[in-house]
Amino acid sequence: MFALGLRQSLQEVAHHLIRDHYVQVQAQIPPSGSAGQAESLIASNPATARYVAEGQAAVSVAGLAQPVPYFGYRGDASWIGYAMIAGRWFSGPGEVVAPTRSLRQTGLHVGDTFTARTRHSGDQVQLRIVGEILDGTGDDVLLRGDWATLAAAEPGAQIDSFEIQLRPGTDADAYADQLTRAAGEALQAESTQGLGRGRQLPALQTVIGGLAVVLVAIAVAGVFNTVVLNTREKVRDVAILEAVGMGPRQVVAMVVASASGLGLVAGLLGIPLGLVLHARVLDLMGQVASGTGIPPGFYDVIAHRELPALALAGVIVAAAGAWLPARWAARAHMAEVLQAEGRVVRAGTGGSAGPPARPRQRLIARSISRRASASASACRLSYCRLPRARPISTFAWLRVK
């Protein structure tokens with residue numbers, strides 16, 4: 001549960017940091033290019049689903065020693081893939097969103113209003129933080145808001161890039177090459193699949209997948225060790241059951257069923273514990289990696305309808321670990337064990353120390369002793385397996401006890 005949830009959460013983080021599921025092509029306008037010409041080419045391309053123009057300028061914010069970049073978007077930019085940790089995306093002039101680190105360094109919170117000063121013109125502008133986002137750009141100290149706010153405060157700011165979402169089935173590399181050739185020197189387009197960002201996250205996901213395999217192997221080994229010890233401790237009980245007619249398949253079923261019950265309990269307890277551990281580790285990874293918070297939707301990544309199946313995984317792991325010990329117990333020759341058991345039972349009914357046995361217990365003990373001695377003698381003389389008198393219930397050991 002823990003490893004599966006963590007791996008899927010990291011996939012969500014990668015999708016929203018790289019954003020290649022939302023923005024397939026990014027186009028940069030060189031100093032000699034024209035934003036108007038570039039936008040006309042993008043808008044007229046039939047493979048373009050939607051796009052947004054972007055420009056930036058440096059602004060000074062109280063509490064920060066250095067100016068921070070302000071990214072202004074002209075048009076609807078709510079679809080470009082930045083996940084919301086708290087609040088909402090900006091929707092009008094004067095509204096901005098910021099990463100977790102920006103808020104911590106400035107001491108601001110979602111809903112606060114502050115004054116920023118543009119670096120070149122020196123004009124002041126009132127901004128209101130309406131959302132906290134997951135962002136991996138630079139050092140995560142920046143602001144994102146409406147283009148109109150930036151253009152009013154910094155008249156010299158220019159559109160310098162476009163973020164483009166393509167229609168389904170369009171090849172991003174081919175689209176970028178075609179757009180670059182058509183624009184000449186007015187535009188340089190590049191597919192987001194080739195930017196090389198987030199390469200560490202797939203490697204980390206592979207490590208988490210390997211961790212899941214290791215955890216399952218450890219669980220199977222733990223069950224195997226426990227069942228081996230239990231079957232060795234109860235070897236006399238198994239021998240008696242075989243003497244009174246239990247078959248090898250019933251022995252296997254008995255041992256596997258006893259382990260599977262514990263596996264089901266472990267699965268039911270492991271789900272809530274795994275969810276709690278998953279949330280704590282994910283928070284810690286976000287803080288260690290970049291000091292960022294985690295969007296709430298990244299915790300609930302496993303569908304609720306899949307939880308019963310995950311609980312049954314504990315039964316599967318327990319059954320897999322108990323299978324070999326159960327087979328060994330079913331195939332073992334019990335002649336010597338039965339003969340020794342017969343002597344122990346006769347000694348126990350002949351006046352050994354301890355509380356006196358009740359009449360029903362004495363009767364059962366004498367019956368088992370006689371059948372055990374006869375079965376042991378038959379196996380010793382004929383060198384064969386124990387005789388199978390008749391099938392009995394898998395859980396007949398409850399009555400024997």
- Note on the structure: Row for the range 56-130, column shape: gyration tensor on C-alpha, a ≥ b ≥ c, rounded if a/c < 1.5 i.e. under 1.5, prolate if a/b over b/c, else oblate; value oblate
- Rounded to whole Å, √(5λ) for the Cα gyration tensor eigenvalues of the range 220-336, largest first, gives 43, 14, 9
- Percent RCO, i.e. relative contact order, over the range 19-194, from Cα pairs under 8 Å lying at least 6 residues apart: 39
- Item | Binned Cα-Cα distances of the range 19-194, short to long, each 5 Å bin given as a whole percent | 1, 8, 17, 20, 18, 15, 11, 6, 3, 0
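Read the figures in this text as sums done on the coordinates, not as results from a lab. Nothing here was measured: the structure is a model prediction, and the numbers come from that model.
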